[in-house]
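Undergrad: Just dropping this structure here.
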Amino acid sequence: MAALMDTRILLRKIKDLRCLTPRRNRVKAKWAGSQPKYPATNLALQNFDATYSLQMGEQWPSVRVSMLCEQKYGALVNNFSTPEGVIADLQSQGCRDFVCQPVGVGALERLQAPGFPLHDNPSTLESVGVSQDVAPPRLRTNIKCFVFPRGDISRFKPSRPDLYGMLGYYLMDAASVLPALALDVQEGHSVLDICAAPGGKTLALLQTQAIRFLCVNDISVSRTYRLQRVLNSYVPKELLAEERMRITSFDGRKWGEIERDTFDRVLVDVPCTTDRHSVMEDENNIFKRARTKERQRLPQLQTELLLAGIEAVRPGGQVLYSTCSLSQLQNEYVVERAMHLAREEHGISLQVADLRPITRLFKDTFYFAPDPHLGQLVLPHLTANFGPIYMCKLQRLN
């Protein structure tokens, strides 16, 4: 028995290779220095469990599971390449263009028809300041984004360049195309994308081929370089000329001082907690302890950016605010605060456009939150795992 115990001790020591290392060369592993005790993804999930379980109630468990599963993507077709071959290839894989093939036959025509009802209950909208006087968006059907059917988690192949070096499609969360559609860009408009990097929504806006002048901005120089690389891979050089497009790295909060009352349309896609990324990736995660103050300042930053966008748009123009967060603090409350400041400090009156027609049109592709207070919210769902994407459109009156 004693011999058996000695053998077990010897085997245990052999398994521990440190016993073969001279004592003077042994180094104790510093676990705290090599791996965080609480990964940022765990901190994000704990924060969301505490916050969203109260905000969303019974919906949160389903949304939580979906965000922890693989995200679905869409293929935004590049009209500046050779789209016919790209579209045929995507259709052969079983994909469909959710913009041009929406819910039912004739749904797009109903949306664009005069007098299309904006809401089933007008009194509900009036109580939160949503106006039915703002015309519903006339969708630009030359924006084409292909998705796999509901429940199909197939992946897209990487896009290949054509004979002129232009890539055929851009892979992105298909719900990120909705803000570009809702912005309702028309022929000859000047457009500002105040937080443009990495460039997916900018590309979607360019696919309308209706913009007279586009200004794209991002405060981060490195992200602006990435944006330029994306544009060079998808857009012909003549459309990147200075008379058609301007790329800048200014502080978006100061845009009201730079160009006031200038643009027909302004997209304000603000920095946020990027909820899906925060629960899946530790890299560049805003829930790292070192970034706590930055995360706490997000609603203030978002309000300032939206207010700058409101100042930059001309009277009669429209601003679209969007995030990829579920948080009401970063969504509805930011919109309400910015509208209040615009009215009290700048004398600017705004109307909130009802985006309910878009939810009706694309309800077979995305899962929308029921009865949001302001704007619309795409919720992740296992059968349609896009989002989260929040969007709210404002029209400047004076």
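Undergrad: Using Cα pairs closer than 8 Å and at least 6 residues apart in sequence, work out the relative contact order for segment 207-282, in percent. Write down the numbers at each step before the final one.
TA: On the way: 39 pairs, mean separation 28.1, N = 76.
The normalised contact order for segment 207-282 reaches 37 percent.
Undergrad: Also: Please list M67, M339 in order of solvent-accessible area, largest first, computed with a 1.4 Å probe with all protein chains present. Intermediate values should be presented prior to the final figure.
TA: Values: M67 5, M339 35 Å².
These residues rank, largest area first, as M339, M67.
Undergrad: 5 Å is the cut-off here: which amide hydrogens, built 1.01 Å from N in the peptide plane, fall below it relative to D364, excluding neighbours closer than 5 in sequence?
TA: It is V103, by chain and number.
Undergrad: Rounded to the nearest 20 Debye, what is the dipole magnitude of segment 316-379 about its Cα centre when Lys and Arg each give +1 and Asp and Glu each give -1 at the C-beta? Spell out each step's value before the answer.
TA: Details: 5 positive and 7 negative charges, 35 e Å.
Once rounded to the nearest 20, the dipole reads 160 debye.
Undergrad: Once R0 is set to 51 Å, what does the formula 1/(1 + (r/R0)^6) return for the Cβ-Cβ distance between E187 and Q46, expressed as a FRET efficiency to the nearest 0.05?
TA: 0.55
Undergrad: Each residue of segment 189-194 in order: what ³J(HN,Hα) in whole Hz does its phi give by Karplus 6.51 cos²θ - 1.76 cosθ + 1.60, θ = phi - 60°, with x for Gly and Pro?
TA: 6, 9, 10, 10, 10, 7
Undergrad: Probe radius 1.4 Å, ligands and nucleic acids ignored: give me the carbon and sulfur share of the accessible area of segment 268-360 as a rounded percent. The partial results should precede the final answer.
TA: On the way: 1760 of 3760 Å².
Reported share for carbon and sulfur atoms: 47 percent.
Undergrad: Pulled fully out, how much extra length does the chain show between S62 and R96, if you take 0.36 nm times their separation in residues and subtract their Cα-Cα distance?
TA: Numbers: separation 34, 0.36 × 34 = 12.24 nm, distance 2.58 nm.
Going from the current span to full extension adds 9.7 nm.
Undergrad: Still on this structure, please answer the following. Mean separation of Cα pairs under 8 Å and 6+ residues apart, divided by the residue count of segment 228-338: what relative contact order is that in percent? Don't skip to the answer; put the middle values down first.
TA: Values: 124 pairs, mean separation 41.0, N = 111.
Across segment 228-338, relative contact order equals 37 percent.
Undergrad: Show me the ranking of peptides 367-378, 41-52, 305-316, 81-92 by mean Cβ neighbours inside 10 Å, starting with the highest.
TA: Numbers: 367-378: 19.8, 41-52: 17.0, 305-316: 22.1, 81-92: 15.4.
Put in order of decreasing packing, that is 305-316, 367-378, 41-52, 81-92.
Undergrad: Take R396, R253, R229 and sort them by solvent-accessible surface of the protein heavy atoms, 1.4 Å probe, largest at the top. Write down the numbers at each step before the final one.
TA: Details: R396 15, R253 100, R229 145 Å².
Sorted descending by solvent-accessible area, the residues read R229, R253, R396.
Undergrad: With 20 Å as the limit, write out which pairs from K144/K393; K72/K144; K72/K157; K72/K293; K201/K393 have Cα-Cα distances beyond it, or answer none.
TA: On the way: K144/K393 22 Å; K72/K144 17 Å; K72/K157 13 Å; K72/K293 31 Å; K201/K393 15 Å.
Over 20 Å apart, Cα to Cα: K144/K393; K72/K293.
Undergrad: For H373 and K293 in one chain, what is 0.36 nm times their gap in residues minus the Cα-Cα distance, to one decimal in nm?
TA: Numbers: separation 80, 0.36 × 80 = 28.80 nm, distance 2.78 nm.
That works out to 26.0 nm of additional length.
Undergrad: Then there is this: For T82 and L240, calculate 0.36 nm times their separation in residues minus their Cα-Cα distance, and state this gained length in nm to one decimal.
TA: Numbers: separation 158, 0.36 × 158 = 56.88 nm, distance 1.87 nm.
Result for the pair: 55.0 nm of gain on full extension.
Undergrad: Apply 1/(1 + (r/R0)^6) to the Cβ-Cβ distance of Y38 and R223, taking R0 = 25 Å, and write down the FRET efficiency to the nearest 0.05. List each step's numbers first, then the result.
TA: Values: r = 28 Å, r/R0 = 1.11.
Calculated value: 0.35.
The values are calculated or read from the model by the stated rules, or taken from the named source; none is laboratory data. Everything numeric here is computed off the predicted structure, so don't read it as measured data. Ideal geometry is used to build each Cβ from the backbone, glycine not excepted, and the neighbour counts take in all protein chains shown. With ligands, DNA and RNA removed, areas are computed over all heavy atoms of the protein, side chains included. Shrake-Rupley method; radii C 1.70, N 1.55, O 1.52, S 1.80 Å.
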